[in-house]
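Let me begin by presenting the structure, written as structure tokens, before commenting on it.
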Amino acid sequence: MTDLELDGRVLDHLFEVIESRRDDDPETSHTAKLFNKGVLKIAQKVGEEATETVIEGVAGSREQLADESADLLYHLLVLWASRGLTPNDIWRQLEGRKGISGIAEKAARGVALEG
Ligand SMILES: N=c1c2ncn([C@@H]3O[C@H](COP(=O)(O)OP(=O)(O)OP(=O)(O)O)[C@@H](O)[C@H]3O)c2ncn1[C@@H]1O[C@H](COP(=O)(O)O)[C@@H](O)[C@H]1O
């Protein structure tokens, strides 16, 4: 696969695969098994994978961090699907934040909370 093919479309394509598994056999599809278990189990898996990503982030190799990050992204996409979100909903959120410094946004939030 070229670098060009390895861009953000990988996530969009993975999401399509995840959606296509919604009614598949949980015996043969891990995604279908997760959908079957419901949002609580899916959210729990996201939490577990996030924790493992954090651990590899501080103590693992870059390869281990990449591996856990992939697990985290997969389970996060399953969570979005289970709650009726699509990647575009999240891409839109990110687009809306373009050009807004995180520092300035946090400061504005502080003023709003105090006021
Ligand atoms: N990216 C992934 C992916 N990443 C991780 N996993 C699976 O997630 C599981 C995590 O294992 P764990 O032991 O942590 O979790 P668990 O089996 O739910 O066990 P418990 O937490 O319940 O104890 C493993 O079975 C991994 O194979 C994934 N399963 C599927 N995909 C993608 O989804 C596509 C569709 O997969 P299926 O739905 O299985 O056909 C695949 O082609 C892949 O592209």
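Every number here is computed from the coordinates shown, using simple stated rules; none is lab data. From a predicted model like this one, the values you see are computed outputs, not experimental measurements. Cβ sites come from the backbone with ideal geometry, for glycine too, and all protein chains shown count toward neighbours.
For LYS41, a cut-off of 26 angstrom between C-alpha atoms picks up these lysines, skipping any fewer than 8 places away in its own chain: LYS33. Over the range 9-84, what portion of Cα pair distances is larger than 17 Å, expressed as a whole percent? Taking all Cα-Cα pairs of the range 9-84, the fraction more than 17 Å apart is 46 percent.
As a calculated quantity, the FRET efficiency between VAL54 and ASP25 at R0 = 25 Å, using C-beta atoms, amounts to about 0.15. Counting only aspartates and glutamates at least 8 places from LYS106 when in the same chain, those with an alpha carbon closer than 16 Å to its own are GLU114.
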